[in-house]
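The values are calculated or read from the model by the stated rules, or taken from the named source; none is laboratory data. Note that the structure is predicted; figures quoted are calculated from it, not measured. Cβ placement follows ideal geometry from the backbone for every residue including glycine, while neighbour counts extend to all protein chains displayed. All accessible areas refer to the heavy atoms of the entire protein, side chains included, with ligands and DNA or RNA removed. Shrake-Rupley method; radii C 1.70, N 1.55, O 1.52, S 1.80 Å.
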Amino acid sequence: MSDDRLTIAGIDFRSRLWVGTGKYKDFIETQKAIEASGADVVTVAVRRVNITDRKSENLLDYISPKTYKILPNTAGCYNVEDALRYARLARAAGISDMVKLEVIGDEKTLFPDTAGLIEAAKILVKEGFIVFPYTNDDPIVAKRLVDIGCQVVMPLAAPIGSGLGIRNPYNLKILMEAVNVPVIVDAGVGTASDAALAMEYGADAVLMNTAIAGAKEPILMAEAMKYAVWAGRMAYKAGRIPRKLYATASSPIEGML
């Protein structure tokens, strides 16, 4: 699987497990968990974590941009203007032209405001950003995001931080068939089996934060997620057997005396 790389906007990504940086007890634990995950993409909330002021303690002192691809995100933004502001701030600080775009529509559920998301994505694409839009599992919204120039879509599996796993696999499968860009399942993963299922369904990658940072042993869970994503991807490429109502003998009986 070493040559099974994901490419988006001409950028090669080594790992199909992407991780966030929130909710850890400190930067040291964050660093160790990310190392154990094997991820090469680390997403950081520009609004909540210092990555732009190099004069004070900075996450990038622990997660080096020379080792990892830093994906700034607009988590905590509830309107288009704020999302645009923080995306531009990250790029102006020299972090990345990539941005995980979040425009949240509801404080309780943290579901995305898809109308605001599309509006913000359209502006950022025109400004030359590589936009990774966090959206719901609606295939129509996903298609519109692709139509305006997003080269990837990131549908939720369940509400952010819920750990519920994939609530609507049928919508996700339809979405994956509806778009011709990579699909990264984002939000709702709770444990390794959820990550494996997402990959078995055909996701190109999985992004998670709480499932690792909120575990009793975050570093151990990070390693578990690494293997789960590998296993799910390999199973998807291998092709599962069809489901059948009745048993089929593992060894053929024809020709036996």
- Using the structure shown, decide if LYS216 is within 30 Å of TYR24 (Cα to Cα) and over 18 Å from the mean Cα position of the chain (by Cα). yes
- Flag if PRO65 is open to solvent by 20 Å² or more (accessible area, probe 1.4 Å), outside any helix (DSSP H, G or I), within 20 Å of ALA9 (Cα to Cα) and in contact (Cβ under 8 Å) with a residue 24 or more places away in the chain: yes
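Residue by residue, here is whether (1) under 21 Å from GLY20 (Cα atoms); (2) modelled with pLDDT under 95; (3) among the polar types (S, T, N, Q) holds:
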| position | (1), (2), (3) |
| --- | --- |
| GLU107 | yes, yes, no |
| ILE123 | no, no, no |
| LYS126 | no, no, no |
| VAL131 | yes, no, no |
- Query: Checking MET98 against (1) open to solvent by less than 10 Å² (accessible area, probe 1.4 Å); (2) under 26 Å from GLU177 (Cα atoms), which test does it fail?
  - Reply: (1)
- So is GLY163 at pLDDT below 95 and open to solvent by less than 10 Å² (accessible area, probe 1.4 Å) or not? no
- Task: Report, by residue number, each residue of the stretch 6-29 that is open to solvent by 10 Å² or more (accessible area, probe 1.4 Å) and among the aromatic types (Phe, Trp, Tyr).
- Result: TYR24, PHE27
- Find all pairs meeting these conditions: Cβ atoms under 6 angstrom apart; at least six residues apart or on different chains; first residue within the stretch 101-129 and closer than 20 Å to ALA158 by Cα; second residue open to solvent by 30 Å² or more (accessible area, probe 1.4 Å) and of a type in the set (Ser, Thr, Tyr). ILE104/TYR78
- Query: Among ALA215, ALA228, which is the only one that is farther than 22 Å from VAL103 by Cα and without any contact (Cβ under 8 Å) to a residue 24 or more places away in the chain?
  - Reply: ALA215
- Item | the stretch 68-95: number of residues that are more than 18 Å from the chain's Cα centre (by Cα) and open to solvent by 20 Å² or more (accessible area, probe 1.4 Å) | 13
- For the stretch 30-49, how many residues meet the condition of being within 22 Å of PHE129 (Cβ to Cβ), open to solvent by less than 40 Å² (accessible area, probe 1.4 Å) and in a loop (DSSP other than H, G, I, E, B)? 4
